[in-house]
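Chemist: This is the structure, below, for whatever I ask next.
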Amino acid sequence: MGTLTEEIFSYKLGRTVEQAETIVVDVDRVMSHDTTTPLAIQAFRKLTEHDGGRVFNPRRSHIVFDHIVPAATIAAATLQRDIRSFAQEQDISILQEGICHQVMPERGYVIPGDVIVGADSHTCTYGALGAFATGMGSTDIGVAYATGRTWFRVPRTINIRLVGTLPFGVYAKDVTFEMVRRVGVDGANYRAIEYSGALIEQMSVSERFTFCNMAIEMGGKVGLVAPDATTQAWLRGRTDREYPLLAPRNPRYERVIEIDASQLQPMIACPPDVNNVVPVGEVGHVKIDQVFLGTCTNGRLDDLAIAANIMRGKTIHPQTRMVVVPASREIYLEAMRLGYLEIFVQAGASVGTPGCGPCIGRHNGVLAPGERALTTMNRNFTGRMGDPTSEIYLGSPATVAATALTGYITDPRNVL
Amino acid sequence: MSRIWMLGDNVNTDVIIPGRYNVTTDRAQLACYCLCEVLPEFSQQVQEGDVVMAGHNFGCGSSREHAPAAILACGVHVIIARSFARIFYRNAVNIGLPVLVCEEAVLASADGQQIDVDLKTGAIHNRTTGQAFQAEPLDPFVERIVAAGGIIEYICQEGTLR
């Protein structure tokens, strides 16, 4: 009996867990990437210096190179060289085929009921498949690599119920902005978020990834969707492991928030906080120097399709530049077959190697002082994409594509 | 006695240590850029034993442990905030950077004032104003990690994670 989080932990521990109880659990998967692995290795070494120094299970330990690929500086290349040597020593295969949060589910490493910890705050994305997945720092991840375990305080849960249908020009990303606006940037701190309602049931796994990805932007420990037929269909061919279809049973929610998507418009999160949300139509005439389509929030095939359909046969505004980075190799190849990449390149965009791209301001489209970007990212923090005086606005793939054509923040309904 | 460095709400890990400076595991290098976006003078002027105070949701955003590591490497004695973002809090506790929650102390203190903090009891004494405060008690499990000096030390002491 309980929330989906409680159901997952009770299933894992073989007993009923209580809210606010501290538990130690075995983890199914541990993940870290090129930026967070070096400190995790340091923690791992300290912890295992007296025994053989082996990871708990190399097949369940995953290192993904996605933040700075291919390496842009000697410092990044050196850290990656050291990680490769650790991975070889530990018999871990490094994945370099896109963003960790896209590659892990694509590879079938995430199934409903799993407990997964990752050294990246957006690890909460995997909750879209009904796994309890959360971001941690490198030391916690080093501990999990060494012991195969971690500790949690069983969180309270906020239930976000989504009803209605998406109006013309409004997408999952716009709905997440409404959630962050309502909950605030720390309204879900230390809490789980469970998404439910008729709209969630109709949504694709990709759209569910967008919701769960941004649970952390409300402070959430995890964002969860109960697995259903859509989940099962998505997992078919990706995994042959058995999994339980856990669901909340008489859950005790701390708070229930209902959002009627039918009432929403395309939205923008203005710098420098994600809850600084306004309808696109109210943002005024904001000139944009660079648009960026990609990331673990919105770099999937359906996101690229939305943008490609708006940009087909057109060219981007001469005062604006565009960077497109598919979230994974699988998506890149499919977008190539479907002609989306050709549309972007013909329009004048740069198409980058699958990975995080310019989202963390290290390469592939860094911003100069005073420049402004509109992106499909999840964070608009000061200096995240480059100079601290540059500014980041966040929007849906449709708003980003529309803006690429006009050079200023544009309501996608005007070009659709 | 220590100086207070006062910060506002929602100080995120991108401003504590920007992504362009965290491609390293060298703590001293991280310390050089600590808080450079919001307090450019901080890394030059901070003294061993100083105290960082902040509003709500300190350390929100990325899970980068470089953020608490940079603050620790600056010699900061303790961070006192109205609230902490979950991952940052956990990271700080894990690496032995003391973190206390005390609304009243933050609301009644100002940048540059002098303060004493007893980490064992959570007693906070603002020497400039003469006011005394008591930080919120730690979760019992967190308290055990803090007492050991960090999660690695805790596990080495216990022999396992339990």
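Chemist: Using Cβ counts within 10 Å as a stand-in for footprinting exposure, how do A:T376, A:T147, A:T389, B:T160 rank, fewest first?
Modeler: Working: A:T376 28, A:T147 21, A:T389 13, B:T160 9.
Starting with the residue having the fewest Cβ neighbours, the order is B:T160, A:T389, A:T147, A:T376.
Chemist: A further question follows. Give the value in nm², to one decimal: projected area of the alpha carbon convex hull of the range A:4-259, averaged over all directions.
Modeler: Working: hull surface 57.6 nm².
Projected area, direction-averaged: 14.4 nm².
Chemist: Please report, largest first and rounded to whole Å, the three semi-axes of the ellipsoid equivalent to the range A:271-414, where each semi-axis is the square root of five times an eigenvalue of the C-alpha gyration tensor.
Modeler: Numbers: eigenvalues 94, 57, 36 Å².
Working from the Cα gyration tensor, I get semi-axes of 22, 17, 13 Å.
Chemist: How long are the semi-axes of the equivalent ellipsoid of the range A:1-140, defined as square roots of 5 times the Cα gyration tensor eigenvalues? Whole Å, largest first.
Modeler: Numbers: eigenvalues 159, 63, 30 Å².
Each semi-axis is √(5λ); the values are 28, 18, 12 Å.
Chemist: Among A:393-400, B:94-101, B:78-85, A:282-289, how do they line up from the highest to the lowest mean number of other beta-carbon atoms within 10 Å? Before the final figure, lay out each step's value.
Modeler: Details: A:393-400: 29.6, B:94-101: 21.2, B:78-85: 24.0, A:282-289: 14.6.
Listed from highest to lowest mean packing, they are A:393-400, B:78-85, B:94-101, A:282-289.
Chemist: Going by average Cβ density within 10 Å per residue, which order do the peptides A:7-20, A:268-281, A:347-360, B:118-131 take, highest to lowest? Before the final figure, lay out each step's value.
Modeler: Values: A:7-20: 15.9, A:268-281: 20.0, A:347-360: 23.5, B:118-131: 13.8.
Highest-to-lowest ranking by the protection proxy: A:347-360, A:268-281, A:7-20, B:118-131.
Chemist: Continuing with this model, one more query. Running Debye on the protein assembly as shown with equal point scatterers at the Cα sites and no solvent, what base-10 log of I(q)/I(0) appears at q = 0.09, 0.10, 0.12 Å⁻¹?
Modeler: -0.64, -0.81, -1.19
Chemist: On to the next question. Pull up all non-local amide H partners of B:M6: gap of 5 or more, or a different chain, and H-to-H distance under 5 Å with H placed in the peptide plane.
Modeler: Those qualifying (amide H under 5 Å, at least 5 residues apart or on another chain) are B:M53, B:D111, B:G112.
Chemist: On full extension of the chain, what length is gained from A:V163 through A:D51, given 0.36 nm per residue of separation minus the C-alpha to C-alpha distance? Kindly include the intermediate steps, with their values, before the conclusion.
Modeler: On the way: separation 112, 0.36 × 112 = 40.32 nm, distance 5.38 nm.
Net length gain for the segment: 34.9 nm.
Chemist: Relative contact order for the range A:4-259: what percent, with Cα pairs under 8 Å and sequence separation of 6 or more?
Modeler: 25 percent
Chemist: Could you give the angle, 0 to 90 degrees to the nearest 10, between helix A:4-13's Cα long axis and the longest principal axis of the Cα atoms of chain A?
Modeler: The two axes meet at around 30 degrees.
Chemist: Another one. Mind giving me the FRET efficiency for A:H285 and A:V345? R0 is 35 Å, r the Cβ-Cβ distance, nearest 0.05 is fine. All intermediate terms of the calculation are to be shown ahead of the outcome.
Modeler: Numbers: r = 28 Å, r/R0 = 0.81.
That gives a FRET efficiency of 0.80.
Chemist: Can you give the FRET efficiency for A:Q90 and A:R236, using 1/(1 + (r/R0)^6), R0 = 35 Å, r = Cβ-Cβ distance, to the nearest 0.05?
Modeler: Values: r = 31 Å, r/R0 = 0.89.
After rounding, the FRET efficiency stands at 0.65.
Chemist: Of the cross-linked pairs A:K173/A:K287; A:K221/A:K314; A:K46/B:K120; A:K46/A:K173, which ones have a Cα-Cα span greater than 32 Å in the structure shown?
Modeler: Numbers: A:K173/A:K287 21 Å; A:K221/A:K314 42 Å; A:K46/B:K120 26 Å; A:K46/A:K173 42 Å.
Too far apart for the 32 Å limit: A:K221/A:K314; A:K46/A:K173.
Chemist: Based on the inverse mean of 1/r over its pairs of different Cα atoms, what is the Kirkwood hydrodynamic radius of the range A:21-98, in Å?
Modeler: Values: mean 1/r = 0.0744 Å⁻¹.
Answer for the range A:21-98: a Kirkwood hydrodynamic radius of 13.4 Å.
Chemist: A further question follows. Using amide H atoms built 1.01 Å from N in the peptide plane, name the residues 5+ places from A:I257, or on other chains, whose amide H lies under 5 Å from its own.
Modeler: Close amide H contacts, sequence-distant or interchain: A:N159, A:I160, A:R161.
Chemist: In the range A:177-328, with Lys and Arg counted as +1 and Asp and Glu as -1 at Cβ, which of these residues, A:G219, A:S262, A:W234, has the Cα nearest the positive end of the dipole, that is, farthest along it?
Modeler: Farthest along the dipole direction, towards plus: A:W234.
Chemist: Expressed as a rounded percentage, what relative contact order does the range B:2-158 have, with Cα pairs under 8 Å and six or more residues apart?
Modeler: Values: 313 pairs, mean separation 34.4, N = 157.
Relative contact order here is 22 percent.
Chemist: Using the alpha-carbon atoms, what tilt in degrees (0 to 90, nearest 10) does helix A:37-48 show relative to the longest principal axis of chain A?
Modeler: 10 degrees
Chemist: Moving to a separate point now. Could you tell me what a quarter of the Cα convex hull surface of the range B:2-158 works out to, in nm² with one decimal place?
Modeler: On the way: hull surface 33.7 nm².
Over all viewing directions, the range B:2-158 projects a mean Cα-hull area of 8.4 nm².
All of the numbers you see were taken from the coordinates with simple rules; none came from a lab. The model shown is predicted, which means the values in this text are computed figures rather than measured ones. Quick reminder, even Gly has a Cβ in these numbers, built from the backbone with ideal geometry, and neighbours come from all protein chains shown.
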